[in-house]
Structure formats: C-alpha cells, structure tokens
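Below: the structure, in structure tokens.
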Amino acid sequence: MKLSTKHLLGIKDLNRDDIQLILTTAAQFKEVLQRPVKKVPSLRDVTIVNLFYENSTRTRMSFELAERRLSADTLNFAASSSSAAKGETLLDTVNNILSMKVDLVVMRHSASGAPHFLAQHIPAAIVNAGDGINEHPTQALLDAFSMQEKFGKLEGLKVTIVGDIMHSRVAMSNMYLLQKMGAEVTIAGPPTLIPKYIQEAFNVRVEYNLQKALAWCDVANVLRIQLERQNQPLFSSLREYNLAYGISRSMLESINKEIVIMHPGPINRGVELDSDVADGPHSIILDQVENGVAVRMAVLYLLANRDQ
Ligand code: CP
C-alpha cells in the first residue's frame with residue numbers, strides 16, 4: 001500500500017487508510033527499535049534535510065534519529081546559524097540545499113502555511129514538522145499511535161484536549177485525526193483560548209468545566225500555554241490558569257476514575273500540569289516521545305518509497 005499524498009503537510013490531507021498505513025508501519029519500526037541493532041538499510045540512498053526555523057527539542061531529535069535508524073544521509077539546518085539570518089529567503093535557501101541532491105525536506109516554521117507554500121515551488125517531498133498555529137501532523141500521529149498502543153483502538157475512544165486550543169497546531173492535527181479515526185473529542189479550556197468556530201468545524205464537544213471534561217474522558221491530552229504566540233493577555237495570570245485549568249493529583253482523585261495523561265511537550269510544570277501528574281503512574285508522556293521515532297520512521301519510509 002502507498003500513501004495517497006506526496007507530502008505530509010497536515011492530517012487534513014490524509015484519509016483513514018493513510019493514517020492506518022502509517023500506524024501499522026510504525027508498529028513494525030517500533031519492533032525494529034527493540035532489537036540490539038536498531039538500524040535498517042531502508043533509506044540508504046536517500047538524503048534528507050531537517051530545516052528548523054523555530055526551536056525544537058523532541059521533534060528535531062526524533063526526526064534525526066528516525067533518519068539515522070533508516071540509514072538515510074541527513075543535513076541539519078538551524079535558521080539562527082544560517083544565511084537566513086542575513087536575509088536569504090526560504091525559497092532561495094531550500095533551492096540551494098536541493099541543488100546538493102537532497103531528496104526530502106523536513107521543515108518546522110513559525111509561519112502557518114510555510115510548508116504548503118514550499119510544496120508549490122519545489123520538486124522534493126516535504127514533511128511538516130509544525131507550522132505556526134496550523135498543524136503538527138507527526139505529533140498527532142505519534143499521539144494516535146500511543147493511544148492505540150494503550151487502549152488497542154481509536155474508534156470510540158473518548159479524548160479530552162485541554163488548554164490553549166487557539167494557538168495549538170497539536171490540537172488542530174489531533175482533532176482532524178481523531179475525527180477521521182472515529183474517536184470522540186471534547187475540547188476544554190477557558191473560553192478565550194477556544195476559537196468559536198471549532199465546535200461546528202470539527203464536530204467536537206466544548207466544555208469549560210475541567211472536572212466535567214476529565215470525568216467524561218479515557219485520555220486527556222494536555223497542551224502547553226503558548227505565551228509566545230499570544231499578542232494580548234487571554235487570561236489573568238498563570239497562577240489563576242493553574243487554579244482553573246491545571247491538572248493536579250487532587251483534581252484527578254476528585255473524579256474517581258483513572259484516565260491516561262498525555263502532553264506533547266515541552267511541559268509548563270505547575271501551570272497546565274502538576275509534576276506528580278506529569279510523572280505519575282497514568283502518564284504516557286515519555287512513551288509518546290519514544291513512539292515518535294517509530295512514527296517518523298514510518299512517515300519518511302512511506303514518502304520516500306511512494307514513487308517506486
Ligand atoms: N512536541 C513538540 O513539538 O516538541 P518540540 O517543540 O520540542 O519539538
């Protein structure tokens with residue numbers, strides 16, 4: 001089977017079979033990653049550039065590791081130490097890199113739509129590693145893989161996404177994916193951080209009471225407050241946000257039900273998630289990070305082999 005798309009720009013463009021194919025392939029790569037020799041020759045003749053115009057720890061290292069595990073040749077680009085800092089355009093930068101016979105581009109950019117723009121101007125396949133507030137497709141895929149691993153299914157699973165929905169590409173990609181795969185979704189957070197259009201556009205429930213949203217779900221995917229993307233204050237203070245929407249152990253005990261806790265990282269400890277919950281027995285946050293490598297191996301493998 002092959003993916004229906006040349007690029008991975010967003011979950012919006014994938015169909016259910018694409019998502020299932022990526023998750024199944026990722027499970028095979030996860031098995032490879034448990035072996036003493038964690039490397040396969042699948043992308044031995046493929047060269048990949050990791051273009052990061054915005055900071056990253058997990059996504060960048062996870063892609064780099066996935067590429068090495070697949071035996072690809074890799075180039076790493078950080079905008080702050082490149083000629084982009086001297087004013088070179090995105091398109092000039094990418095065309096110069098591609099002239100060195102690079103096959104595949106992984107890109108993170110603070111501008112929503114930057115990888116979509118690039119896809120219209122270059123011949124290479126592009127993987128969106130997060131574009132502004134638009135999408136973060138590999139995060140949603142690794143989240144789905146982690147939920148499927150934990151619960152054995154996505155269909156019918158009840159997922160609450162909590163926090164700064166307005167500025168979250170993770171929320172956007174998760175909503176597309178969970179809806180396509182038949183999960184039920186509730187969005188929770190302060191009204192100022194939940195766009196009005198979301199309920200209708202994604203067929204999700206909106207719940208402003210955190211305790212009710214948690215009591216309803218099997219899994220809570222908790223999001224970071226993205227102060228760097230907020231031009232004006234959208235809540236009174238981080239302390240008050242924590243009191244109303246932070247997940248604490250006492251809050252979880254009050255709902256008298258075990259729910260799985262997820263977070264894409266980086267965590268603002270003591271704001272959206274208390275440490276004893278983030279590091280607690282029901283947290284699968286580090287499993288998400290582990291699964292990211294297998295999921296990204298699957299995406300790169302499937303895109304690189306699409307034309308063969
Ligand atoms: N989840 C995520 O995208 O983390 P980074 O910003 O560290 O890549």
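Projected over every direction and averaged, the convex hull enclosing the alpha-carbon atoms of region 72-129 yields 4.0 nm².
Of the trypsin sites (Lys or Arg not before Pro) found in region 237-308, those that fall in a DSSP loop while having at most 15 other beta-carbon atoms within 10 Å are LYS257, ARG306. Note on the chain: Cα-only Rg and Dmax are 19.2, 59 Å. Placing a label point 7 Å from the Cα of MET251 along the Cα-to-Cβ line, the residues of region 164-199 whose backbone N sits under 14 Å from it are 164-165, 187-191. Overall size of region 1-128 from C-alpha positions, given as principal axis extents largest first: 44, 33, 26 Å.
Quick one: work out Rg over Rh on the C-alpha atoms of region 76-220, Rh as Kirkwood radius. Write out the running numbers ahead of the final one.
Details: Rg = 18.2 Å, Rh = 17.0 Å.
Ratio of gyration radius to Kirkwood radius for region 76-220: 1.07.
What are the semi-axes of the equivalent ellipsoid for region 137-286, taken as the square roots of 5 times the Cα gyration tensor eigenvalues, largest first, in whole Å? Walk me through the numbers before you get to the answer.
Values: eigenvalues 87, 69, 41 Å².
Ellipsoid half-lengths, sorted descending, are 21, 19, 14 Å.
The convex hull drawn around the Cα atoms of region 1-69, when projected onto a plane and averaged over every direction, covers 5.9 nm².
We did not get these values from a lab; they are worked out from the coordinates using the rules stated. In this text the structure is predicted, and so the values were computed from the model without any measurement. Cβ coordinates were reconstructed from backbone atoms using ideal geometry, including for glycine residues, and neighbour counts include every protein chain displayed.
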